[in-house]
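Inspection log for the structure reproduced underneath, given as structure tokens.
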Amino acid sequence: MQIRIQHGRFKDAAWFPEKDEHVLVGGAGGISSWAAFFLARAGFKPFVVDFDTVDEINLAGQLFKKNDVGKAKVDAVKHIIKEFVGEDINVLKDYVTQNTPYCPFMFSGFDNMLARKDMFKVWKDNIHRYPITPIFVDGRLVAESFQIFCVTPNNIERYEEKLFDDTEIEDAPCTLRQTSHSAAMIATHMVGFFTNHIANIYLRENIREVPFFYEYFIPFNLTETTL
């Protein structure tokens, strides 16, 4: 793997990719547009799947520019990463379904539970295919609070208890759903937990914390890591 100049300040990090390390990113909106960007900046290879197009209202919370309006979100993310990182990434303009390609490392950044369930099933049904420890990082964001689940094979049943139907979700006011700083915050934490996971794999030791559950409430700086 060729080391780019921009990686010179952190190429000796315990988590720095030893080879092309692919991460499948579900969604390209508030969480996933930022997560894909941060993953690429850190030296990973995000593969982004989303069916949606950029709307002007998305500019408040998602990593898009004014002239991205009307473009497919995955194409806009691909262009931004090419422009800022110098890397070409793979994207797929489609819904996430149970036929979505599998990767041992997956990020879920959806705004609905159905897509989250479908992506998780793809991950769960294929974890036996790789010798390394896979991880499914699920981010859930409301305007000023967020939750992250880091799912590995040993806590699958615990995570499945936290999956429910979209009809059970209380809808937030349409004018209080997303801000760029909160979206970037959850994406940053998701990538941080992922780099901890990768470091543990490379070091062959669980010396970095990868919490199963993490919650943060911005107005009062409240953190919760037990569930």
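Screening the chain for whole DSSP H helices of 27 Å or more along their axis (Cα) with average Kyte-Doolittle hydropathy at least 0.5 returns 180-203.
In the chain, the portion of solvent-accessible area held by carbon and sulfur atoms comes to 51 percent [1.4 Å probe, whole percent, DNA, RNA and ligands not counted]. Among Tyr130, Tyr102, Tyr214, the residue with the largest mean-square fluctuation in a Gaussian network model of the chain, with springs joining Cα atoms closer than 10 Å, is Tyr130. Accessible area per residue for the chain, computed on protein heavy atoms with a 1.4 Å probe, is 52 Å². Across the stretch 40-60, the residues whose backbone nitrogen lies under 18 Å from the label position 7 Å along the beta-carbon direction of Asp20 are 40-49. Kirkwood-type hydrodynamic radius, the chain: 17.8 Å, calculated from all non-identical alpha-carbon pairs.
Only Lys, Arg, Asp and Glu carry charge here, each on its Cβ (+1 for the first two, -1 for the last two); on that basis the stretch 126-227 has a dipole of about 580 debye about its Cα centre. Our summary gives the chain a relative contact order of 20 percent, counting only alpha carbon pairs under 8 angstrom and 6 or more residues apart. In this Cβ point-charge picture (+1 for Lys and Arg, -1 for Asp and Glu), the chain has a dipole of about 860 debye about its Cα centre.
The Cα trace of the stretch 125-227 gives Rg and Dmax of 15.2, 46 Å, the first to one decimal, the second as a whole number. Comparing mean-square fluctuations of Gly43, Gly27, Gly86 from a GNM of the chain with C-alpha springs under 10 Å, the top value falls on Gly86. Look at the alpha carbon pairs under 8 Å that are at least 6 residues apart: their mean separation over the length of the stretch 1-93 gives a relative contact order of 26 percent. In a DSSP loop and with at most 14 other Cβ atoms within 10 Å, the trypsin sites (Lys or Arg not before Pro) in the stretch 36-92 are Lys65. Among the chymotrypsin sites (Phe, Trp or Tyr not before Pro) in the stretch 104-173, those located in a DSSP loop and surrounded by at most 13 other Cβ atoms within 10 Å of their own Cβ are Phe164. Pull up the DSSP beta bridges for the chain and report the antiparallel fraction as a percent, rounded to 5. The antiparallel fraction comes to roughly 50 percent. Mean sequence separation of contacting Cα pairs (under 8 Å, at least six apart), scaled by the length of the stretch 53-138, corresponds to a relative contact order of 22 percent. The fraction of all Cα pairs in the stretch 1-111 landing in successive 10 Å bins from 0 to the largest distance is 15, 47, 29, 9, 0, given as whole percents.
Residues considered: Thr167, Thr100, Thr195. Largest GNM mean-square fluctuation over the chain, using C-alpha springs under 10 Å, is found at Thr167.
The values are calculated or read from the model by the stated rules, or taken from the named source; none is laboratory data. As the structure is a prediction and not an experimental result, all values here were calculated from the model. Note: ideal-geometry Cβ built from the backbone for every residue, glycine included; neighbour counts use all protein chains shown. Areas reflect the complete protein model, heavy atoms only, side chains present, ligands, DNA and RNA absent. Shrake-Rupley method; radii C 1.70, N 1.55, O 1.52, S 1.80 Å.
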